[in-house]
Amino acid sequence: MSKILITGGAGYIGSHTIVDLIENNFTNLISVDNFSNSSKDTFDRIKEITGKDVKNYNVDLCNLEQTEKIFEENRDISGIIHFAAYKAVGESVEKPLKYYHNNIESLVNMLKLAKKYNVPNIIFSSSCSVYGNIDKLPVTEDTPLPKAESPYAYTKQIGERMLQDFLKISPNQKAIALRYFNPVGAHPTGKLGEMPIGVPNNLVPFITQTAIGIREKLTIFGNDYPTKDGTCIRDYIHVSDIAHAHVLALQKLMNDKNFPQYDVINLGTGNGVSVKKVVDAFEKVTGKKLNYEYGPRRPGDAVAIYANNQKAIKVLNWTPKYNLNDMMLSAWKWEKNLQQANVN
Ligand code: UD1
């Protein structure tokens, strides 16, 4: 059975991907996560859902020596799914070097070791933030990448470029970069989900924390945009759909000999949904009235961005299974479980 290394396995998307891998018979998994933005409990939660223990190495991927020990101990790795990275856009503007150091150095080390230890298949977490503020919608993968809007987005552009340069001198490796739109929601059991540290920057955790009473009210950033209801439009995609796309991408690299050495694929539903619609869906499916108000625009926000997801559908044979109501309901279930866990 192929051994797969997941970096950032305790993280939001990493943990859901581990569950999906196990459900698709990839049972020989190892994770590297130093819990810099995640919790050790995640592996207990994964076990509750799947019945499987996943070995995690508590190692900083920027430490080449310690990371190499993992590859020495596990000489039969046939795929790496590289999630581990910092991801807060605002923080990246305030602490750019933290982002450049962590996100770039860890990828450099991972690629060095993939080559040295002959790991053939690599999946890389990228982001729709590589497209910046874009006018032509929906966004296709061949859209030229503009100057990145933030250090975070730039680390993803650099990561994609690094992969391409690396592959030119590495005929034994293949890679797919997956560009996520707005991953939201939680595992349908409510046992896994997003665990923001401190005040959430992202919309959905802010909504669920407000509904449960951790935050007083949600501010909708701007209702004077040129959209139907005046609020911004995004492509919200269920985290379990994102997770499953990683399994399909890995299988593609492993099984399709004719697949190109490098490809990049958008992961979104293809639907543009406004902030107000997200709030309405949350209220509808949970029956809870959300305390919210309209406030000023958030600097740097794009009016609208959503994916053309035809490539993922065609190339990976992937279809998003979950709709906006599922996203809200699972996120809410998770928030309630978190509260319960904190009470006990
Ligand atoms: C950001 C990142 C993206 C990343 C995503 C998920 C950019 C350009 N994009 O997307 O790369 O994949 O986070 O981590 O930075 N909103 C409110 N009130 C809130 C919070 C958000 O109204 O309290 C609105 C925002 O103005 C936006 C929408 O909700 O219109 C979504 O915001 P957010 O969840 O932060 O994601 P993005 O900014 O789209």
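The values are calculated or read from the model by the stated rules, or taken from the named source; none is laboratory data. The model shown is predicted, which means the values in this text are computed figures rather than measured ones. All Cβ positions, glycine included, derive from the backbone under ideal geometry; neighbour counts span all protein chains shown. Accessible surface is based on the protein model in full, side chains and every heavy atom, while ligands, DNA and RNA are left aside. Shrake-Rupley method; radii C 1.70, N 1.55, O 1.52, S 1.80 Å.
Which of the numbered conditions does Ser31 fail, given that it passes all the others? Conditions: (1) open to solvent by 20 Å² or more (accessible area, probe 1.4 Å); (2) farther than 30 Å from Arg298 by Cβ.
Just one mismatch for Ser31, condition (1).
Do we find a residue being at pLDDT below 95 and in contact with a helix residue (DSSP H, G or I) (Cβ under 7 Å, 6 or more places away or on another chain) anywhere in the range 172-190?
no
Just checking, does the range 79-86 include any residue being within 18 Å of the chain's Cα centre (by Cα), open to solvent by 50 Å² or more (accessible area, probe 1.4 Å), modelled with pLDDT of 95 or more and within 16 Å of the ligand (Cβ to nearest atom)?
The answer is yes; a qualifying residue exists.
Would a scan of the range 143-157 turn up a residue that is open to solvent by 20 Å² or more (accessible area, probe 1.4 Å) and of a type in the set (Asp, Glu)?
Within the range 143-157 (the criterion being open to solvent by 20 Å² or more (accessible area, probe 1.4 Å) and of a type in the set (Asp, Glu)), the answer is yes, since at least one residue qualifies.
For residues that are surrounded by fewer than 16 Cβ atoms within 10 Å (Cβ to Cβ) and within 9 Å of the ligand (Cβ to nearest atom), scanning just the range 295-322, find the one that is modelled with the highest pLDDT. Before the answer, list the steps.
Filtering the range 295-322 for residues surrounded by fewer than 16 Cβ atoms within 10 Å (Cβ to Cβ) gives 295-301, 310, 313-314, 317, 319, 321.
Cutting the leftovers down to within 9 Å of the ligand (Cβ to nearest atom) gives us 295, 297-298, 300-301.
On the way: Gly295: 98, Arg297: 94, Arg298: 90, Gly300: 79, Asp301: 87.
Checked the range 295-322; the qualifying residue modelled with the highest pLDDT is Gly295.
Does the range 60-73 include one or more residues that are closer than 17 Å to Asp20 by Cα and in the same structural domain as Ala177 (by TED's automatic domain parsing)? It would help to see each step written out before you state the result.
Initially, the range 60-73 is screened for residues closer than 17 Å to Asp20 by Cα, giving none.
For the range 60-73, residues closer than 17 Å to Asp20 by Cα and in the same structural domain as Ala177 (by TED's automatic domain parsing): absent.
Quick one: how many residues across the range 106-142 are away from the ligand (no atom under 16 Å from the Cβ), open to solvent by less than 30 Å² (accessible area, probe 1.4 Å) and of a type in the set (A, V, I, L, M, F, W, C)?
8
Every residue in the range 228-256 that is more than 9 Å from the ligand (Cβ to nearest atom), among the polar types (S, T, N, Q) and open to solvent by less than 30 Å² (accessible area, probe 1.4 Å), please.
Matches in the range 228-256: Ser240 only.
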